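The values are calculated or read from the model by the stated rules, or taken from the named source; none is laboratory data. This one's a predicted model, so the numbers in the text were calculated from it and none came from an experiment. With ideal geometry, Cβ positions are generated from the backbone for all residues, glycine too; neighbour counts draw on all protein chains shown. The area values use the complete protein model at the heavy-atom level, side chains included, leaving out ligands, DNA and RNA. Shrake-Rupley method; radii C 1.70, N 1.55, O 1.52, S 1.80 Å.
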Amino acid sequence: MWPSMGAVYRSQLSRARVARIPLLFVATFQSIGIMILMRGVIDAGPGDEARAVVAGSSVLVVAFVALNLLAQYFGQLRATGGLDFYATLPVPGAAVALGTAAAYASFTVPGVLVTAVTGCLMYQLPLSGLWLLLAVVPLAGAALAGLGAALGLLAPRAELATLCGQLGMSAALLLGVLPASRMPEPVQWLRDLLPSTYGVDALAAVLGPATDWGSVGANLAVCAVTGALALALATWAYRRAAGR
């Protein structure tokens, strides 16, 4: 399992290496642009709004690549018969889904760091809490990558996979950037269904003056559980699509 996943991971990294810089630029520029726009209506300082914008914009980089682009990739792969190639390889289906998801999530690391540092400087937040990105990026990336892969594999057409990926990224933008306390209760319920928002809340907590580590640990634990479930769903969706 693990050697196979490593081989798929390296293969996907080498195939997408040419497109990595444009992808990172677009994802990072989008998130920084959102922070610049929000700076016009939100004051700098350790308030809930400023911390939510910086944390949400940083995780949005992960959503753009791991959810949106991965949904498009697997949707096109399924539509063009590319899954037949992977089906002939002596590797488990889980290795293909997990290795590809990990490769796409890896693209987000530089963009997340640039976005988080820029946001902290722009909103006058402490940089000392950014070490939590070491946990937030892989956990949120696993959850969003698994969800994106599942959307692409389960969509009956490539166009629908692209649409689902765009809608998922829009949900991550609208539900992740704004503080939950400012949302109506029905919207808060929808926010609770999006796994990346738990990573956003954990990161926002450590950017404030007083950190509730119990809440941070709980949010990271939920993010880890939802990530495992999302990757399991992606693995099942791959086996289902490859078996047809």
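Listed here are the residues, each with its yes/no results for (1) over 20 Å from A116 (Cβ atoms); (2) of a type in the set (F, W, Y); (3) loosely packed, with under 14 Cβ neighbours inside 10 Å; (4) within 19 Å of the chain's Cα centre (by Cα).
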| position | (1), (2), (3), (4) |
| --- | --- |
| V200 | no, no, no, yes |
| L203 | no, no, no, yes |
| V206 | no, no, no, no |
| W236 | yes, yes, no, no |
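Considering only residues in segment 170-213 that are touching a helix residue (DSSP H, G or I) at 6+ places or on another chain (Cβ under 8 Å) and of a type in the set (D, E, K, R), the one that is nearest to V41 (Cα to Cα) turns out to be R182. Of everything listed in (1) in contact (Cβ under 8 Å) with a residue 60 or more places away in the chain; (2) under 25 Å from A142 (Cα atoms), the single unmet condition for M38 is (2).
Yes or no: V109 at pLDDT below 85 and surrounded by fewer than 21 Cβ atoms within 10 Å (Cβ to Cβ)? Spelling it out, V109 is indeed at pLDDT below 85 and surrounded by fewer than 21 Cβ atoms within 10 Å (Cβ to Cβ). Applying a threshold of 6 Å to beta carbon distances and a minimum spacing of six or more residues, or different chains, the list of pairs starting in segment 208-222 at a residue that is farther than 17 Å from Y123 by Cβ and in contact (Cβ under 8 Å) with a residue 12 or more places away in the chain and ending at one that is surrounded by 14 or more Cβ atoms within 10 Å (Cβ to Cβ) and among the charged types (D, E, K, R) reads N219/D201. Scanning segment 22-49 for residues that are farther than 19 Å from V114 by Cβ, open to solvent by 80 Å² or more (accessible area, probe 1.4 Å) and among the hydrophobic types (A, V, I, L, M, F, W, C) yields one hit, V41.
Residue by residue, here is whether (1) of a type in the set (A, V, I, L, M); (2) surrounded by fewer than 24 Cβ atoms within 10 Å (Cβ to Cβ); (3) at pLDDT 90 or above; (4) not in a helix (DSSP H, G or I) holds:
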| residue | (1), (2), (3), (4) |
| --- | --- |
| T115 | no, no, yes, no |
| T118 | no, yes, yes, no |
| Q124 | no, yes, yes, yes |
| S128 | no, yes, no, no |
| W131 | no, yes, yes, no |
| L134 | yes, yes, yes, no |
| P138 | no, yes, no, no |
| A142 | yes, no, no, no |
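Restricted to segment 146-191, and to residues there that are open to solvent by 50 Å² or more (accessible area, probe 1.4 Å) and basic (K, R), the residue that is farthest from A242 (Cα to Cα) is R182. Residue pairs, Cβ under 7 Å, 6 or more apart or interchain, first in segment 159-181 and among the polar types (S, T, N, Q), second open to solvent by 10 Å² or more (accessible area, probe 1.4 Å). List them. Pairs found: T162/Q72; S181/D48.
Whether a residue is within 29 Å of S14 (Cβ to Cβ) and of a type in the set (A, V, I, L, M) was assessed, and V114 passes this test.
Is it the case, given these coordinates, that A7 is touching a residue at least 24 places away in the same chain (Cβ under 8 Å) and open to solvent by 40 Å² or more (accessible area, probe 1.4 Å)? So A7 fits the description; yes.
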